[in-house]
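The values are calculated or read from the model by the stated rules, or taken from the named source; none is laboratory data. It should be emphasised that the depicted structure is a prediction, and the values quoted were computed from it without experimental measurement. Counting neighbours? That spans all protein chains shown, and the Cβs are built from the backbone with ideal geometry, glycine included. Just the protein is used for accessible areas: all its heavy atoms, side chains included, with ligands, DNA and RNA removed. Shrake-Rupley method; radii C 1.70, N 1.55, O 1.52, S 1.80 Å.
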Amino acid sequence: MSITVVIADDQRMLRAGLRMVIETEPDLTVVGEASDGTEAVSVVRRLRPDVVLMDIAMPRQDGLSATRTLLAAPHPPRIIVLTTFDTDENLYRALQAGASGFLLKVSSPEHLITAIRVVAGGEALLDPAVTTRVISAFAGRPGPAPAPELDKLTPREVDVLRLLARGMSNAEISAELGVGEATVKTHVARVLMKLGLRDRVRAVVYAYESGLVRAGQG
């Protein structure tokens, strides 16, 4: 089945370029476009796409506000924030808004296509440099008290969460802990379920916000 996509960006030529890249793939279809956040909310509610590519800096309503509006509704789409601005502030705000992916506009077409497929499948994806920026965003912040929800996790699940926060893939966690990838996948799923987190992106943010991991830790 085709994955449906809406592109929200105030630059018409960029929307055209993204459409061209996306529609070279047989399993991806662009069903609509929007030039600002308010229009994006309207178009997405009408067309109900699987994935939204959402620019941050747009007139009338910015992309982060539009993201929060869309994700507060029942059966929301998966949203990838696509921006030229790679500052920690924008990254953190995008993750807090509930985005499932964060890509810079300079990312390769191949990476964009992969991101759309990954988030459409229910996973989360960040630009390769983004996990480092998540860590940097927490540098120097006062350390919070450990969240009580962490008591729900087994020691091995805590280990997995720490490694997730370091930006490790399932394969890397598998090698680090000496267990199979299927076992790691099960642990990740249990961590997300027990903590009430939607995906790996939220798990990374949670690990730092809860004080489980501090910036600068290896």
What aspartates and glutamates could a cross-link reach from Lys152, if we take a straight Cα to Cα line under 20 Å and drop same-chain neighbours fewer than 8 places away? Asp199, Glu209
Whenever you get a sec, compute what percent of the accessible area on region 1-98 sits on carbon and sulfur atoms (1.4 Å probe). 53 percent
In whole angstrom, the spacing between the Cα centers of region 1-79 and region 165-190 equals 32 Å
Anisotropy class of region 3-65 from Cα gyration tensor, a/c 1.5 cut: oblate
Cα Rg over Rh - region 167-218, Kirkwood: 0.98
Taking 22 Å as R0, compute the FRET efficiency from the Cβ-Cβ separation of Arg48 and Ala16 and round it to 0.05. 0.45
Could you please state how large a percent of the accessible area of region 151-218 is carbon and sulfur, counting protein chains only and using a 1.4 Å probe? 50 percent
Förster radius 35 Å - calculated FRET efficiency between Thr38 and Met193 (Cβ-Cβ, nearest 0.05): 0.50
I'd like the trypsin sites (Lys or Arg not before Pro) in region 27-111 restricted to DSSP loop residues with at most 14 other Cβ atoms within 10 Å, sorted by number. Arg60
How long, wide and thick is region 1-123, going by the Cα atoms along their three principal axes, in whole angstroms, largest first? 34, 31, 28
